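The values are calculated or read from the model by the stated rules, or taken from the named source; none is laboratory data. Being a predicted model, the structure only gives us computed values, none of them experimental. For neighbour counting, all protein chains shown are included, and Cβ atoms are generated from backbone atoms with ideal geometry for every residue, glycine included. Ligands, DNA and RNA are excluded from the accessible area calculation, which covers all protein heavy atoms including side chains. Shrake-Rupley method; radii C 1.70, N 1.55, O 1.52, S 1.80 Å.
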Amino acid sequence: MTRLLSYLYPITKKIHSEFSGNLEITWYNGKKYLNTKNANYSYGSLQKILKFGLEHIDVSKVNSVLLLGLGGGSVIETLRDDFHYSKSITAVDIDPVIIDIAKNEFQLKEDEHLKIICADALDFMQSNTTQFDLIIIDLFIDITVPNAFLALPFWKNILKASSTNGAILFNASLEKTKSTALNDVIEFLKSHMYHTEVFEKVNNTNTLILSKGL
Ligand SMILES: C[S@@+](CC[C@H](N)C(=O)[O-])C[C@H]1O[C@@H](n2cnc3c(N)ncnc32)[C@H](O)[C@@H]1O
């Protein structure tokens, strides 16, 4: 019923999150979205942006995915439905409210293929000892990537966690111009034998970085 009514007008439910402020779950034209006050978190433009990045990766060769920033899990839907990826995914999010939303509003289920960890991605990467074929970094608080994820200690841990020939997809910014910190990350990736591409204004907004092991 909600779905049908959403063709007439958007229907929004608000849930408060300690980390992201008011989260909005909105039905619009028969589809459900997860938004913050100023940003789409999942199943809207964000999903299109990450899909654009994935189109530049040979997902058929990927055996393990680490997703930093679960949100509502829209990139998991994309991997499974559009790229027929059915292998292992480990997803990390700091926000227990978001994880509940992913499970209860967007029907994400933990099973042998999907492990969901509630943790700060910074701490997780510090203690992680596993390597992944594809690492997707999609860490936002509303419209901002927290500073720690644009600093080199985090990126050193990302490189350690990336398999030889692995790929790293970083949803880096909603800002129009690249910051000095982001330029430093790009230079760091390039100087560590990573083939690094920068896509600007993906879907008219985001900067996306794609690095592949050489
Ligand atoms: C844009 S959403 C992720 C959307 C998701 N990738 C998808 O495909 O639907 C950004 C997420 O980053 C999470 N996040 C922000 N800071 C974090 C941190 N320090 N550690 C882990 N998750 C964090 C937020 O809770 C939010 O769920």
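Computed values, structure above
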| read-out | value |
| --- | --- |
| 5 angstrom amide H check on L114, placed H, neighbours 5+ away | I89 |
| The stretch 164-207 - Kirkwood radius from inverse mean 1/r over Cα pairs (Å) | 11.3 Å |
| Solution diffusion estimate, µm²/s, Stokes-Einstein, the stretch 43-98, Kirkwood Rh from C-alpha pairs, 4 °C, viscosity 1.567 mPa s | 110 µm²/s |
| Distribution of pairwise C-alpha distances over the stretch 87-147, 5 Å bins, in % | 4, 14, 25, 28, 19, 9, 1 |
| Over the stretch 75-214: Kirkwood hydrodynamic radius from C-alpha pairwise inverse distances, Å | 16.0 Å |
| Hz values of 3J(HN,Hα) by residue in the stretch 198-213 - Karplus curve (6.51, -1.76, 1.60), Gly and Pro given as x | 10, 10, 9, 6, 5, 6, 6, 10, 7, 8, 10, 10, 10, 10, 10, x |
| Cβ-defined net charge surrounding L46, 12 Å radius [Lys, Arg +1; Asp, Glu -1] | 0 |
| Unit Cα scatterers, Debye sum, the stretch 28-142: log10 I(q)/I(0) for q = 0.11 Å⁻¹ | -0.33 |
| Globularity ratio of the stretch 8-47, using Cα Rg and 2.2 N^0.38 Å | 1.12 |
| Centre separation in Å (Cα based) which lies between the stretch 127-152 and the stretch 58-97 | 14 Å |
| Whole-Hz ³J(HN,Hα) from phi, Karplus 6.51 cos²θ - 1.76 cosθ + 1.60, for the stretch 143-157, glycine and proline x | 9, 10, 7, x, 3, 4, 8, 10, 10, 5, x, 4, 5, 4, 5 |
| Separation between Cα centres of the stretch 160-174 and the stretch 27-57, rounded to whole Å | 19 Å |
| Residues whose placed amide H lies under 5 Å from that of Y41, excluding near-sequence neighbours | L34, N35, T36 |
| The chain, accessible surface, carbon-and-sulfur percent (1.4 angstrom probe) | 51 percent |
| Gyration tensor (Cα) of the stretch 140-214, equivalent ellipsoid semi-axes in angstrom | 20, 14, 11 |
| Amide proton proximity set for S173, modelled H, under 5 Å, gap of 5+ | T207 |
| J(HN,Hα) series, the stretch 71-82, from Karplus relation 6.51 cos²θ - 1.76 cosθ + 1.60, nearest Hz, glycine and proline x | x, x, x, 5, 6, 5, 4, 4, 4, 6, 7, 8 |
